[in-house]
Structures are given as C-alpha cells and as structure tokens.
1. If you take the residues of segment 238-248 that are open to solvent by 30 Å² or more (accessible area, probe 1.4 Å) and under 13 Å from the mean Cα position of the chain (by Cα), which of them is nearest to residue 67 (Cα to Cα)?
2. Quick one: which of 18, 60, 68 is touching a Leu at 6+ places or on another chain (Cβ under 8 Å), over 18 Å from residue 226 (Cα atoms) and not acidic (Asp, Glu)?
3. In segment 94-133, which residues are of a type in the set (A, V, I, L, M), under 26 Å from residue 187 (Cβ atoms), at pLDDT 90 or above and open to solvent by less than 60 Å² (accessible area, probe 1.4 Å)?
4. For the subset of segment 87-142 comprising residues that are hydrophobic (A, V, I, L, M, F, W, C) and assigned to a loop (DSSP other than H, G, I, E, B), which member is nearest to residue 65 (Cα to Cα)?
5. Which one is farthest from residue 61 (Cα to Cα) among residues in segment 150-167 that are open to solvent by 50 Å² or more (accessible area, probe 1.4 Å) and in contact (Cβ under 8 Å) with a residue 12 or more places away in the chain?
6. Report whether or not residue 80 is surrounded by fewer than 16 Cβ atoms within 10 Å (Cβ to Cβ), among the aliphatic types (A, V, I, L, M) and closer than 30 Å to residue 170 by Cβ.
7. Pairs, please: C-beta under 6 Å, at least 6 apart or cross-chain, first residue in contact (Cβ under 8 Å) with a residue 12 or more places away in the chain and under 10 Å from residue 215 (Cβ atoms) and in segment 52-65, second assigned to a loop (DSSP other than H, G, I, E, B) and open to solvent by less than 40 Å² (accessible area, probe 1.4 Å)?
8. I'd like the full set of residues that are surrounded by 11 or more Cβ atoms within 10 Å (Cβ to Cβ) and modelled with pLDDT under 80, limited to segment 249-261.
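The values are calculated or read from the model by the stated rules, or taken from the named source; none is laboratory data. In this text, all values refer to a predicted model and were calculated from it rather than measured experimentally. Here the Cβ positions follow ideal geometry from the backbone for every residue, glycine too, while neighbour counts run over all protein chains shown. We work out accessible area using only protein heavy atoms, side chains counted, and drop any ligands, DNA or RNA first. Shrake-Rupley method; radii C 1.70, N 1.55, O 1.52, S 1.80 Å.
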Amino acid sequence: MASRRLFQAHATIVYAFLYAPIVVIVVYAFNGGRQTLNWGGFSTKWFGRALADPTITGPLRTSLEIALANALLASILGTALALSLPRMRRVVRVPLETVVYMTLVTPEIVFGISALIFLTQLVHLPLGWVSVLVCHVVFNASVVALIVRARFVGMGQTLEEASFDLGAGPIATFVQVTLPRLAPAVVAGALLAFTFSFDDFITSFFVAGAGTTTLPLRIFASLRFGVSPIVNATATMMLGLTLTATVLAYMVLRRATPRSQ
C-alpha cells in the first residue's frame, strides 16, 4: 500500500511538472491586463487581437495549408504502404518496416538536420513551403501506415477472399470492401498527421527557409522579445486545435475498434 501511494505521488508530481506550465499559459491568455503575470481581470480581447494581427494570421494560414496537404498526402502514401507491407516477401518487408520505425524513433533534431542536408546538397530543392511539406509527409506517412496496418491486420482477410470468390477484381474489392473497413483508421491517421504537422517546430525550423514561417516558428521568434498576452492567446488557440484533432482521432479509432480488441 505504501509503495502504491508513493508511486501515485511520484506520478502526480511528474504530471504537474509537465502540464502546469501549459495551464498557466491558458489561464493568462484570458488576462485582461497588458502585463503577462499581473492579472487584470478576465478578458478575451487578446484572442481578437491575435486574429487581427497579420504577422500571426499569415503563419497560421501557412501552417493550416501545410498541415491539410500533409494530412492528405500522408494518408494516401501511408495507406498504400500499410496495405502493401503484409503482402511483401520477408526479405523486402523487414527493411521497409525498419525504415518506417526508424522514422518515428529518430530524434527530431537528427531528422531535421538530415532532411536539410538531403534537400540542399543532394536534391537541390529550395527551402520553403514545399520542403516543409515534403519532410512532414515523410514522417507522418509512417504514422498513418502503422495505424492503418494495425487495423488491416486485425480485421482479417475473410471478406476480401469472399469478394474475389464472387468475381470482383482487386480494384472493386478495395473500393467496396477494404476501403470502407479501413476508413476509420485512415481518418484517424489523417487527423494525427494534421496534428503533428500543425504543431511541428524542429523539422520546420531546419527546412522552412527564410520565406516560409509557420505558426510555431512565429511564436518562437516572438519569444525573443518576451512573452506577451497575444503570444499566450495564440498558443492557447494552437493548443485547442491540436487537442481537438487528437480527441477526434481517438474517438474515431475507439468507435471503429470492437470491444473485444
């Protein structure tokens, strides 16, 4: 009993250490005063000023465009990869699986530096909107592939085999049988890909270039001049959008997964 209480106390301290700063930022985003840490009453005016500031709405639009394009491309490539991996021979499947897992477990700063060297020295792709999108798709396609593959392996091949026995071709079977059953996993993967792309900072920092500024990069640049209520409001809106997409992805996967699993 004592060890259990000690573990609970330790977990509480760890969670408080991790999430207390986020709570402080959200609370002071509704501070009506100009001083960040001096409470001047409840107000939502800083949200309006943040949305009226072109130096914030511009990066916000850029982040949304990149995140949406990334979600679409990562869903297509990740789903195709998830469907093809189980059908490959082991000698081909194992190296590809290793690459997928390595993409996820590699430290993001290493991934960002590697992407910068690859794009500038080997591909000679100008740094900007496209380079950020390419790097985000490479990472998030692996996320989608793992989610869709888990769903694909778990649902079995009985209905697909029945479709083939009834005379349907591969394309008809995929459109009428496989894709509808995979749709929840694809949607959840797309939502997570959108989330990871929208709030990404490290990879974007290395490959964005001088002409492209995402919202996380804009927030980081503004911190050089100190934390302001507008920054708190912007970070709170960003957090709200990220949490919404994450919760939706969880709900989609939970409804699509049988209780026995």
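1. So the residue we want is 241.
2. Within the list 18, 60, 68, the selection yields 60.
3. Those that are of a type in the set (A, V, I, L, M), under 26 Å from residue 187 (Cβ atoms), at pLDDT 90 or above and open to solvent by less than 60 Å² (accessible area, probe 1.4 Å): 132, 133.
4. 127
5. Once the filter is applied, the top-ranked residue is 159.
6. Spelling it out, residue 80 is indeed surrounded by fewer than 16 Cβ atoms within 10 Å (Cβ to Cβ), among the aliphatic types (A, V, I, L, M) and closer than 30 Å to residue 170 by Cβ.
7. 59/214; 62/214; 63/214
8. 253, 254, 256, 257, listed by residue number.
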